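Down below is the structure, laid out as structure tokens.
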Amino acid sequence: MADVNEVNSLPSSLPITPRTVTIAPTSFHHDDQFGSLPITPRTASVAQTPSIVSLPITPRTASIAQTPSIVSLPPSQFHSPSLSRSPLLHTGDHASGAANRTVKTPRSRGLTPRFITPLGSPLRKALKMTRLDPQDAWLPITESRNGNAYYAAFHTLCSGIGIQALVLPVAFTILGWAWGIISLTVAFIWQIYTLYLMVQLHENHETGLRYSRYLQLACATFGEKLGKLVAAFPIGYLSAGTCCALIIIGGSTAKLLYQTLCGATCSNPKPLTTVEWYLVFTCVAVVLAQLPNLNSIAGISLVGALTAVGYCTAIWTISVAEGRLPNVSYEPVRKGSQVSRIFDLLNALGIIAFAFRGHNLILEIQATMPSSEKHPSRVPMWRGVQFSYLLIAMCLFPLAIGGYWAYGHLIPANGSMLTALFAFHSQDVPRSVLALISIFVIINAVSSFQIYGMPMFDDMESAYTTRSKKACPWWLRSIFRAIFGFVCFFIAVAIPFLGSFTGLIGGIALPVTFAHPCFMWLKVKKPKKYSLSWWVNWGLGLLGMGLSGILIAAGLYVVIDTGVKISFFNPQ
């Protein structure tokens, strides 16, 4: 009983469990499972009792068998679908540092495992994110993910405004003042709304996946077969077809620039032909295309955006400053039968739809940004989109309204504001100003070629990396991009009259811009049935698909009825 009295005489500050304890007559048993409990500074009095090694406590749960190691969890990352190439949890530095720290007395909340605390939600999401894309680090769109809101604004502005905006007054000649402005405003608001949907759909918060390409999102939403059926051709045309059109525009403007600067004083007996100017433009575009990824061309996109704003502003400012042309009429141009008038009207709507292209690049641009659960990419992306489309609105509306006011029905049917400016004011405006506008158009065309060609570069390199399971070498990447550039050059030379199909092209591209994002939102977000979001997206989606079919038919009818000057391999 002497040992019991010694125990009873211990200081009351020791953390003894107030339960019935059976004590051996010699010494307390040392439980190797739990080890010695950390003793507070007042345990010096216990040292006088040499028989006591450690105080046994009543075991509670097996979860305190060992001192819990400190686990550091990174922010939950959003990744593209497929297998991972890198671990999601990195504990090397944190774990080694934890081993050197002084072990403290476990608190009551330490009895709860870390993985069922509020950190468990991002951890479980992170563990789901093992389906990453090993090709992301090899492909030009996702090779670099250090983009920001400024880069997004540069890319969006460069792709969202261009030479297609100069044909808007042509649509006004058919629609007239009221319907022209209404159609342009509705199309602009509609596109802003679908842009917002695309930015939100880029990353799926349930699965933690990022859809870095428009076709990826289409296939994930509609299924593999249907997604490719409804999206592959429009996206391919909006990328490769736009590059062909840019070669035609850039080469023709380069020839016009040479004639403007040289004029009648040229001593060169054999100036370059149109095909040769196409070739010069293509060579410059192919050289710039050697930049490795989408983020690396941010500076080029900035230059392209500034030149686009520059020539749009210069053209409508000069046109308005020079005043209206004599005998200008603002009556809608309607000729032929009633059916012809209806199809002309629809073709004008197709021209407006064609001016709002670039949706096929929004997901790709957003893919260049880092994204996590705490800092999702949709926040800086939406800021960049808002800023860029504010500038786009400041260019498109004055260009369409001011150009129509200045030229009215005299704008060439198959031309643009640039054609009208040179046709009506080449003698009134200084040659230096006309040359500067031409230079801006050429620079913008070269810059836009890079961003519209990037999805095609990505697709070609994806085919290689899928087979070889390694990154594309620099020399093969250069060959791919050169081949693409010169194939586009061949198409531009073979079919130099692509500009005559503006309305038809607008009808083909319309679902990508106005319809598909609404159906994707319904499929992914699943808004409550008969809610406002449900009605709006169903209505806009069905309206967009219906308009697309009607505009394609109208574009074909106008091309057949009015005729197109076919000149294969004979660009003028």
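The values are calculated or read from the model by the stated rules, or taken from the named source; none is laboratory data. Treat the numbers as computed from the prediction; the structure is a model and nothing was measured. Quick reminder, even Gly has a Cβ in these numbers, built from the backbone with ideal geometry, and neighbours come from all protein chains shown. Please note that ligands, DNA and RNA were not included when accessible areas were found on the heavy atoms of the full protein model with its side chains. Shrake-Rupley method; radii C 1.70, N 1.55, O 1.52, S 1.80 Å.
What to note about this one:
- Failed item in (1) open to solvent by 40 Å² or more (accessible area, probe 1.4 Å); (2) under 25 Å from Leu229 (Cα atoms), with Pro517 passing the rest: (1)
- Filter result for His425 (open to solvent by less than 20 Å² (accessible area, probe 1.4 Å) and either farther than 27 Å from Pro234 by Cβ or modelled with pLDDT of 90 or more (or both)): yes
- Single unsatisfied condition, Gly544 versus (1) part of a loop (DSSP other than H, G, I, E, B); (2) open to solvent by less than 30 Å² (accessible area, probe 1.4 Å): (1)
- Test set (1) farther than 22 Å from Met381 by Cβ; (2) open to solvent by less than 40 Å² (accessible area, probe 1.4 Å); (3) at pLDDT below 90 - Ile161 fails condition number: (1)
- Looking only at the range 190-229, and only at residues there that are in contact with a Ser or Thr (Cβ under 8 Å, 6 or more places away or on another chain) and part of a loop (DSSP other than H, G, I, E, B), the one that is farthest from Leu547 (Cα to Cα): Gly208
- Tyr557 being modelled with pLDDT under 85 and surrounded by fewer than 21 Cβ atoms within 10 Å (Cβ to Cβ): yes
- Of the residues Ile182, Ile174, the single one that is open to solvent by 40 Å² or more (accessible area, probe 1.4 Å) and not aromatic (Phe, Trp, Tyr) is Ile182.
- Given (1) crowded, with 22+ Cβ neighbours inside 10 Å; (2) over 21 Å from Thr368 (Cβ atoms); (3) of a type outside the set (Ser, Thr, Tyr); (4) touching a Cys at 6+ places or on another chain (Cβ under 6 Å), index of the condition Cys243 fails: (2)
- From the options Pro292, Pro271, Pro234, residue that is open to solvent by 10 Å² or more (accessible area, probe 1.4 Å) and touching an Asp or Glu at 6+ places or on another chain (Cβ under 8 Å): Pro292
- Residue check for Ser337: modelled with pLDDT under 90 and open to solvent by 10 Å² or more (accessible area, probe 1.4 Å): yes
- Test: residue in the range 459-481 that is farther than 20 Å from Gln135 by Cα and either of a type in the set (Lys, Arg) or out of contact with any Gly (no Cβ under 9 Å at 6 or more places or on another chain) (or both): no
- The selection criterion, being surrounded by 15 or more Cβ atoms within 10 Å (Cβ to Cβ), at pLDDT 90 or above and closer than 15 Å to Phe489 by Cβ, holds for Leu279.
- Single unsatisfied condition, Pro398 versus (1) open to solvent by 60 Å² or more (accessible area, probe 1.4 Å); (2) in a helix (DSSP H, G or I): (1)
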